[in-house]
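Below is one structure, written out as structure tokens, with a few remarks after it.
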Ligand SMILES: *Cc1c(COP(=O)(O)O)cnc(C)c1O
């Protein structure tokens, strides 16, 4: 055995590239080739690769205190919880290490509350196309085709409604419902935006029926959509929210937030060895401090306009089917199922490659660093055109 990755359990097909370094919007492989990165760890590296803000927070905190145990308070945990509560208006915070773990915590919280306050209500209504993570329960919660059978038997108690169809939510609700769980912009399903009217009706309906509205902002939160949280675009307030990806700027960090009145775990109901560790919390504090400083989000919205206008022009010039998105989470729709070919062609460009993601066979997704420069953005659009010419002629 001598191929790259022969010692790894196979989970996906990866190109024969080994990345060695990253700086800002650029990655360099072991052969020295550079790549402009619009994937950024799947919308994770909000400040790009190895930003000083993150590396210094890691260094500083690693010299002070790495792991006192979740049985004790530590200062970064308390400070990050206070900051997230202040930013969101949700008074209670639990820190975790991945989006799936935070979402699983949200489901546990909803079931705990349903048992205590709603006569044993435990069902979670999710949406077709929704993505909430890869634990067994989150695969059940997700609406990804095939996931209900892949690892059967699956955890029960998850019901699906149709995205942007309020009547289907009404049909899915029952006295057993504890919560509705939604991504306002479905990332994995192809950057599908919830309609404003639908979200406002959903908020009203869940309030009226007394079920929790859980908003999964794992991908959309902390500036990705041009605002601190995507729900601000819709003028609604969730009861429960989850964050991960961009929150840690590349470090494994997630958060579950809820209103005071849903703070219903009893001691021992929820936890985790790495939950609230000061090393990751310190990084989260640094990332949130930067993303939420004066002027930063206005810059994200400017870059988003540049990307959106650029993708519209690309779409016109190459006969594509348009672009959509919110902030710096955008998609370009191709007329045929060759997005994977475009990804490969973009990566193979010389002297510098472009890294793109294709969550659907006919769709490219763009998730640049929130602080990408305007020149790097222009270069990315230029490289994208080259890749499209290679594939589409
Ligand atoms: C990525 C993602 C998750 C899962 O997060 P992990 O950190 O991979 O567990 C959950 N929800 C949404 C919306 C995501 O984009």
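The values are calculated or read from the model by the stated rules, or taken from the named source; none is laboratory data. The model shown is predicted, which means the values in this text are computed figures rather than measured ones. Note that we place each Cβ from the backbone using ideal geometry, even for glycine, and neighbour counts take in every protein chain shown.
Being in a loop (DSSP other than H, G, I, E, B) and within 22 Å of the chain's Cα centre (by Cα) narrows it down to one residue among 324, 303, 293; which is it?
Working: 324 fails: in a loop (DSSP other than H, G, I, E, B); 303 fails: in a loop (DSSP other than H, G, I, E, B).
The match here is 293.
Would you check which residues across segment 309-321 are within 25 Å of the chain's Cα centre (by Cα), surrounded by fewer than 18 Cβ atoms within 10 Å (Cβ to Cβ) and either within 21 Å of residue 186 (Cα to Cα) or in contact (Cβ under 8 Å) with a residue 60 or more places away in the chain (or both) and list them?
The answer is 312, 321.
Taking the options 185, 191, 159, name whichever one is in contact with a helix residue (DSSP H, G or I) (Cβ under 8 Å, 6 or more places away or on another chain) and under 21 Å from residue 217 (Cβ atoms).
On the way: 191 fails: in contact with a helix residue (DSSP H, G or I) (Cβ under 8 Å, 6 or more places away or on another chain); 159 fails: under 21 Å from residue 217 (Cβ atoms).
Checking each option against the conditions leaves just 185.
Enumerate the pairs (first residue in segment 327-356 and at positive phi; second residue anywhere and surrounded by 18 or more Cβ atoms within 10 Å (Cβ to Cβ) and part of a loop (DSSP other than H, G, I, E, B)) with beta-carbon separation below 9 Å, excluding pairs fewer than 6 apart on the same chain, so at least 6 apart or on different chains.
Final answer for the pair search is 327/220; 327/223; 327/224; 327/225; 327/226; 327/227; 327/370.
Return the residues of segment 88-107 that are part of a helix (DSSP H, G or I) and out of contact with any helix residue (DSSP H, G or I) (no Cβ under 8 Å at 6 or more places or on another chain); say none if nothing qualifies. Explain how you work it out, then say what you get.
Of the residues in segment 88-107, the ones part of a helix (DSSP H, G or I) are 88, 99-107.
88, 101, 102, 105, 106, listed by residue number.
Report yes if residue 66 is touching a residue at least 60 places away in the same chain (Cβ under 8 Å) and more than 16 Å from the ligand (Cβ to nearest atom), otherwise no.
So residue 66 fits the description; yes.
Do you know which of the residues in segment 181-197 that are outside any loop (DSSP other than H, G, I, E, B) and within 16 Å of the ligand (Cβ to nearest atom) is surrounded by the fewest Cβ atoms within 10 Å (Cβ to Cβ)?
Among those that are outside any loop (DSSP other than H, G, I, E, B) and within 16 Å of the ligand (Cβ to nearest atom), it is 192.
Mind checking which residues of segment 347-370 are in contact with a helix residue (DSSP H, G or I) (Cβ under 7 Å, 6 or more places away or on another chain) and either assigned to a loop (DSSP other than H, G, I, E, B) or at pLDDT below 95 (or both)?
349, 356, 361, 362, 367, 368, 369, 370
Have a look at 185, 159, 211, 125 and point out the one that is modelled with pLDDT of 95 or more, under 30 Å from residue 364 (Cβ atoms) and touching a strand residue (DSSP E or B) at 6+ places or on another chain (Cβ under 7 Å). Give the derivation first.
Numbers: 159 fails: under 30 Å from residue 364 (Cβ atoms); 211 fails: under 30 Å from residue 364 (Cβ atoms); 125 fails: under 30 Å from residue 364 (Cβ atoms).
Just a single option satisfies the conditions, and that option is 185.
Among the residues of segment 203-225, write down those that are in contact (Cβ under 8 Å) with a residue 24 or more places away in the chain, surrounded by fewer than 24 Cβ atoms within 10 Å (Cβ to Cβ) and away from the ligand (no atom under 16 Å from the Cβ).
Of everything in segment 203-225, those that are in contact (Cβ under 8 Å) with a residue 24 or more places away in the chain, surrounded by fewer than 24 Cβ atoms within 10 Å (Cβ to Cβ) and away from the ligand (no atom under 16 Å from the Cβ) turn out to be 203, 205, 206, 209, 210.
Please go through (1) farther than 29 Å from residue 260 by Cβ; (2) in contact with a strand residue (DSSP E or B) (Cβ under 9 Å, 6 or more places away or on another chain); (3) surrounded by 11 or more Cβ atoms within 10 Å (Cβ to Cβ) for residue 15 and return the number of the only condition it doesn't satisfy.
In the conditions (1) farther than 29 Å from residue 260 by Cβ; (2) in contact with a strand residue (DSSP E or B) (Cβ under 9 Å, 6 or more places away or on another chain); (3) surrounded by 11 or more Cβ atoms within 10 Å (Cβ to Cβ), residue 15 misses (2) alone.
Mind listing just one residue for me: the one in segment 240-265 that is in contact (Cβ under 8 Å) with a residue 40 or more places away in the chain and away from the ligand (no atom under 16 Å from the Cβ) and, of those, surrounded by the fewest Cβ atoms within 10 Å (Cβ to Cβ)?
By that ranking, first place goes to 260.
Quick grid of which residues meet (1) outside any helix (DSSP H, G or I); (2) touching a strand residue (DSSP E or B) at 6+ places or on another chain (Cβ under 9 Å):
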site	(1), (2)
284	no, yes
299	no, no
307	no, yes
331	yes, yes
337	yes, yes
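Given the structure, is residue 324 in contact (Cβ under 8 Å) with a residue 12 or more places away in the chain and either surrounded by fewer than 22 Cβ atoms within 10 Å (Cβ to Cβ) or more than 30 Å from residue 232 (Cβ to Cβ) (or both)?
Spelling it out, residue 324 is indeed in contact (Cβ under 8 Å) with a residue 12 or more places away in the chain and either surrounded by fewer than 22 Cβ atoms within 10 Å (Cβ to Cβ) or more than 30 Å from residue 232 (Cβ to Cβ) (or both).
Residue 69 passes all but one of (1) surrounded by 22 or more Cβ atoms within 10 Å (Cβ to Cβ); (2) modelled with pLDDT under 95; which number fails?
(1)
State the number of residues belonging to segment 114-140 that are more than 18 Å from residue 202 (Cα to Cα), within 16 Å of the ligand (Cβ to nearest atom) and not in a loop (DSSP other than H, G, I, E, B).
From segment 114-140, those more than 18 Å from residue 202 (Cα to Cα) are 114-122, 131-140; that's our starting set.
Subset that is within 16 Å of the ligand (Cβ to nearest atom): 131-140.
Still in the list and also not in a loop (DSSP other than H, G, I, E, B): 136-140.
Number of matching residues: 5.
For segment 52-66, indicate whether the set of residues that are under 21 Å from the mean Cα position of the chain (by Cα) and farther than 26 Å from residue 181 by Cβ is non-empty.
yes
For residue 275, state whether it is surrounded by fewer than 23 Cβ atoms within 10 Å (Cβ to Cβ), part of a loop (DSSP other than H, G, I, E, B), at pLDDT 95 or above and more than 15 Å from the ligand (Cβ to nearest atom).
On the way: surrounded by fewer than 23 Cβ atoms within 10 Å (Cβ to Cβ): yes; part of a loop (DSSP other than H, G, I, E, B): yes; at pLDDT 95 or above: yes; more than 15 Å from the ligand (Cβ to nearest atom): no.
Spelling it out, it is not the case that residue 275 is surrounded by fewer than 23 Cβ atoms within 10 Å (Cβ to Cβ), part of a loop (DSSP other than H, G, I, E, B), at pLDDT 95 or above and more than 15 Å from the ligand (Cβ to nearest atom).
Look through 85, 110, 57, 81 and report the one residue that is assigned to a helix (DSSP H, G or I), in contact (Cβ under 8 Å) with a residue 12 or more places away in the chain and within 16 Å of the ligand (Cβ to nearest atom).
Details: 85 fails: within 16 Å of the ligand (Cβ to nearest atom); 57 fails: within 16 Å of the ligand (Cβ to nearest atom); 81 fails: within 16 Å of the ligand (Cβ to nearest atom).
Of 85, 110, 57, 81, the one residue that is assigned to a helix (DSSP H, G or I), in contact (Cβ under 8 Å) with a residue 12 or more places away in the chain and within 16 Å of the ligand (Cβ to nearest atom) is 110.
Working carefully through the options 167, 178, find the one that is away from the ligand (no atom under 15 Å from the Cβ), part of a strand (DSSP E or B) and modelled with pLDDT of 95 or more.
Going through 167, 178 in turn, just one is away from the ligand (no atom under 15 Å from the Cβ), part of a strand (DSSP E or B) and modelled with pLDDT of 95 or more: 178.
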